[in-house]
1. Yes or no: residue 252 touching a Lys or Arg at 6+ places or on another chain (Cβ under 8 Å) and modelled with pLDDT under 90?
2. When residues of segment 325-338 are filtered for being outside any strand (DSSP E or B) and either touching a strand residue (DSSP E or B) at 6+ places or on another chain (Cβ under 6 Å) or within 12 Å of ligand 1 (Cβ to nearest atom) (or both), how many remain?
3. Residues to consider are 287, 293; find the one that is of a type outside the set (Ser, Thr, Tyr), modelled with pLDDT under 95, in contact with a helix residue (DSSP H, G or I) (Cβ under 7 Å, 6 or more places away or on another chain) and within 12 Å of ligand 2 (Cβ to nearest atom).
4. Output yes when any residue across segment 201-220 is buried (at least 21 other Cβ atoms within 10 Å of the Cβ), over 23 Å from the mean Cα position of the chain (by Cα) and within 15 Å of ligand 1 (Cβ to nearest atom), and no when none is.
5. Out of all the residues in segment 160-211, which are within 16 Å of ligand 2 (Cβ to nearest atom) and farther than 30 Å from residue 69 by Cβ?
6. Scan segment 263-284 for residues that are of a type in the set (Val, Ile, Thr) and within 14 Å of ligand 2 (Cβ to nearest atom) and jot them down.
7. Go through segment 103-127 and report how many residues are closer than 23 Å to residue 160 by Cα and either of a type outside the set (D, E, K, R) or touching a strand residue (DSSP E or B) at 6+ places or on another chain (Cβ under 8 Å) (or both).
8. Filter segment 86-102 for residues that are farther than 17 Å from residue 193 by Cα and either assigned to a loop (DSSP other than H, G, I, E, B) or among the polar types (S, T, N, Q) (or both) and give the result.
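The values are calculated or read from the model by the stated rules, or taken from the named source; none is laboratory data. Every value quoted in this text rests on a predicted model; they were computed, and no experiment measured them. No Cβ is skipped: glycine too gets one built from the backbone with ideal geometry, and neighbour counts run over all protein chains shown.
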Amino acid sequence: MLNDESNPNSKTAWVGRAVVVALAVVTLIALWKTGGTGPESSLVAVVRTPVGIMGTTCTLVAVVPQGRVSAAQQGLEDAERALRQVDALMSTYIDGSEVSIVNRSEAGVTVSLSPSTLAVVAAGREFSRATAGAFDPTCRPLLDLWRRAGMNNQMPHDEERILAREASSWADFEVVNDGLRKTRDSARLDLGGVAKGYGIDRAFAAVEAAGCEGVLVDVGGDVRVGGVDDRGEKWKVVVRDPFGTSVFSSFELGSGSVCTSGSYERFVEIDGVRFSHIIDPRTGFPVRQSPSVTVFADEAMSADAWATALSVLGPEGLADLPSGVEALIVAGDASNCTVHATAAMESLLGVFPRLSCNQGVTTPFLKDEG
Ligand code: AMP
Ligand code: MG
């Protein structure tokens, strides 16, 4: 799987015909039925819920006219295959994945890669540039260091942290023909912050290619939608309060993707203190500031990468978002939190978030579009 741990809960729940993008972990309630019809339309929602996708829950929906159910089923099968393929190629939990082979390879040896893995590596490098290194898929040695620290219940020494930071960087990877060559043995990749989004986009394209009126791909609460639901209406995204169970906002989404990174949702614990699974590559320490980041973008790969990046950058990172990418950040903790959003995200939500935490200064953030 691409994520740290199998997550039996999902960030997304289905309530009626709404997609719930949870800022906190909530239980998935699948209320859709395969072949169910909307009351006022002749559209049918064909649903597939494959298990074992990237270590989390998965719901795939194709909305089609009555006569096209088998085409929709084919599209959903293709989507599932695309997701499994992305996992098989890019997961660091799978020994035979292309990323694991690169990580084990010695300097100077070229490892041939599929176009998919090459595309995600190239995108990862671009996101690293765009975030000045806050998003950095080469920080795998640091991820390993903190995972071991959690297992041994012992904080890493400063020297270990500095060594792990220096062990791997983009300068240590060369793209050669259709492969990747390391220039140092110690260089390692981890595409966990972006590959899920790429997989969602691939799955979305597979369902769309089947000729559907509407598509929804949901992998562990990260979603991409297009077209209409089986009532012929826009998909509805509901955002939950990260510190409670209430829904604080919902909005209609004609097309696009919404991904959430919760920096304390997956963590290691050392001496009773929780450390996020997201690392600030610039310091080598796990991030502390943002328990929840929700990002909207046209494509899931972008929403996924920016959600991870903003977990590192915090609210200051909102000013760096490219055009078409919008975000909502909850920083702090339940006793003292602040909420920050880009102006367009605020208008998408319709109302500025009021959460159940003890809310401090709330800062509407104007994105620098220049
Ligand atoms: P997400 O859940 O999408 O925020 O991705 C978190 C995953 O991204 C982690 O489990 C790591 O595999 C990877 N990761 C952690 N920190 C970073 C970072 N600073 N840049 C890129 N990937 C990261
Ligand atoms: Mg991500």
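1. yes
2. Total satisfying the criteria: 1.
3. Going through 287, 293 in turn, just one is of a type outside the set (Ser, Thr, Tyr), modelled with pLDDT under 95, in contact with a helix residue (DSSP H, G or I) (Cβ under 7 Å, 6 or more places away or on another chain) and within 12 Å of ligand 2 (Cβ to nearest atom): 293.
4. No.
5. 189, 190, 191, 192, 193, 194, 195
6. Correct list: 278, 279.
7. Here the count works out to 4.
8. Residues of segment 86-102 farther than 17 Å from residue 193 by Cα: 95-96, 101-102.
Hits for segment 86-102 are 95, 96.
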